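S.K.: Could you have a look at this structure, given as structure tokens, before my questions?
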Amino acid sequence: MNQFQYVRPTKNKAAIDTVAKEQTAMFIAGGTNLLDLMKRGIVVPEKLVDINKLPLRKIEKENGAVRIGALALNGEVAEDKLVLEKHPLLSQALNAGASAQLRNMATVGGNMLQRTRCPYFYDTALPCNKREPGTGCGALQGFNRMHAIFGHSDKCIAVHPSDMSVALVALDANVLVSGPKGDRKIPFAEFHRLPGDTPQIDTNLQKGELITAVEVPETAFTKNVNYLKIRDRASYAFALVSVAAALQIENNTIKDARLAMGGVAHKPWRLTDAEKALVGKPATEQTFRQAAEIAMRGAKAFEHNQFKLKLGPNTIVQALKNAAAAV
Ligand code: SF4
């Protein structure tokens, strides 16, 4: 690991100023991904700005939304009374992520900023455009079983690993940030980026911008919800495919729906066309199958992840069935 300086400010402004001014300074909170990246020499910050002393851990109701501080731990958010009552889908997604030990260390802000788990990204002996732009993508012709089927480019086919983010994009959350130019609110669907020609850039955060909270608007999706994650090991693994499904059902008719997938794209993948196809229809398997077919339009797999073309729609159907049956 490289040598680095370490500071621990107590005011947001001091933390933001340091990271904005110093080219290789980075924020650190739980460090559950960043420290791995540093140990392998994938990121080499000369200064770490520890933000754990900043007042960013509260979970509270505010203006018709649940506001979750960026430093709230994944485990405590999943078990929070307000989150369980208003956003059970988020709670399910958080509990599907990582291990209990990691959930008790990792923060909400860090969760959405975690890097892909593409093995070529973590092996500095292999080519990777995300780690070192212009070197090529080892996964394109390599072992690409875990990789994307939507939104990929010829520069990168990696997927975003967060479960929490799949629920947040389905719930129309906003990311609240503070930076050198002031505060702004980023709709969750616009927070992460597709790889295009610049796969080294994961998000639309600007240099020095600090995530302060996530705001999840209150909705009617408080009962018929399901986060279904398909993975190699139930105990602890990243998603092959995951689905966040939320339904509002009245007299067996779907009044409103939210649907998003994980493990399939460089960002959490919202399925708005499939959502529209669900509304006004009876909550039956046939309806769910039709929506799943629509959801998979445009999917393109690679040599080792063809199975996702079948696993994807089957997971959507099962998540919708689970959501409809939830009591
Ligand atoms: Fe790197 Fe992306 Fe290719 Fe993986 S898929 S090797 S992260 S460029």
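The values are calculated or read from the model by the stated rules, or taken from the named source; none is laboratory data. Please read all numbers here as calculations on a predicted model, not as lab measurements. Positions of Cβ are backbone-derived with ideal geometry, glycine not excepted, and every protein chain shown enters the neighbour counts. Ligands, DNA and RNA are stripped out before the accessible areas are found, and what is left, the full protein with its side chains, is counted by its heavy atoms. Shrake-Rupley method; radii C 1.70, N 1.55, O 1.52, S 1.80 Å.
S.K.: Could you tell me which of the pairs Lys181/Lys267; Lys130/Lys155; Lys58/Lys81 are separated by over 20 angstrom between their Cα atoms in the structure shown?
M.R.: Distance filter (> 20 Å) returns Lys181/Lys267.
S.K.: May I ask you to give the solvent-accessible area per residue for segment 224-325, in square angstrom, as obtained with a 1.4 angstrom probe?
M.R.: Using a 1.4 Å probe on heavy atoms only, each residue of segment 224-325 averages 44 Å².
S.K.: Residue by residue, what Karplus-based ³J(HN,Hα) values in Hz, rounded to whole numbers, does segment 213-228 have, using 6.51, -1.76 and 1.60 with θ = phi - 60° and x for Gly and Pro?
M.R.: Karplus-based 3J(HN,Hα) across segment 213-228 equals 6, 10, 10, 10, x, 5, 9, 8, 8, 10, 10, 8, 10, 7, 10, 10 Hz.
S.K.: Here is a follow-up. Enter the angle in degrees (range 0 to 90, nearest 10) between the Cα long axis of helix 285-295 and the first principal axis of the Cα atoms of the chain, meaning the one along which they spread out most.
M.R.: Helix 285-295 and the main axis of the chain meet at about 40 degrees.
S.K.: Tell me the angle of helix 12-21 to the major Cα principal axis of the chain, expressed in degrees between 0 and 90 and rounded to the nearest ten.
M.R.: Roughly 70 degrees, rounded to the nearest 10.
S.K.: I would also like to ask the following. Based on the alpha-carbon set only, what is the convex hull volume of segment 184-297 divided per residue, in Å³?
M.R.: Looking at segment 184-297, the number lands at 157 Å³ per residue.
S.K.: For segment 85-156, what does the accessible surface come to per residue with a 1.4 Å probe? Please give it in Å².
M.R.: Averaged over the residues of segment 85-156, the accessible area is 41 Å².
S.K.: Evaluate E = 1/(1 + (r/R0)^6) for Arg40 and Asn252, where r is the Cβ-Cβ distance and R0 equals 51 Å; express this FRET efficiency to the nearest 0.05.
M.R.: 0.45
S.K.: Still on this structure, I have one more. Using the Cα centre of the chain as origin and beta-carbon charges of +1 (Lys, Arg) and -1 (Asp, Glu), tell me which of Asn63, Gln141, Ala292 is placed farthest towards the positive end of the dipole.
M.R.: The listed residue farthest towards the positive side: Gln141.
S.K.: Residues with beta-carbon under 9 Å from that of Asn174, excluding Asn174: net charge, scoring Lys, Arg +1 and Asp, Glu -1?
M.R.: -1
S.K.: Moving to a separate point now. Could you check what % of the DSSP bridge pairs in the chain are antiparallel, to the nearest 5?
M.R.: 85
S.K.: For the pair Phe4 and Arg117, how long in nm is the line joining their label points, each one 7 Å along Cα→Cβ?
M.R.: 2.2
S.K.: Between Ala65 and residues 5 or more places away or on another chain, which pairs have amide H atoms under 5 Å apart, with H built 1.01 Å from N, and which residues are they?
M.R.: Amide H neighbours of Ala65: Glu218.
S.K.: Once the Cα atoms of helix 308-325 and of the chain are each reduced to a long axis, what angle between those two axes, in degrees from 0 to 90 to the nearest 10, is obtained?
M.R.: 70
S.K.: Please report, in whole Å³, the volume per residue of the convex hull around the C-alpha atoms of segment 124-197.
M.R.: It is 133 Å³ per residue.
S.K.: Another question about this same structure. Once you wrap a convex hull around the alpha carbon atoms of segment 54-101, what is its projected area averaged over all directions, in nm²?
M.R.: So the mean shadow area of the Cα hull is 3.5 nm².
S.K.: A follow-up question, please. How much of the accessible area of the chain, probe 1.4 Å, is carbon plus sulfur, in whole percent?
M.R.: Carbon and sulfur atoms account for 50 percent of the accessible area of the chain.
S.K.: Ok, one more. What is the Rg over Rh value, at two decimals, for the chain, using alpha-carbon atoms and the Kirkwood definition of Rh?
M.R.: Answer for the chain: 0.97.
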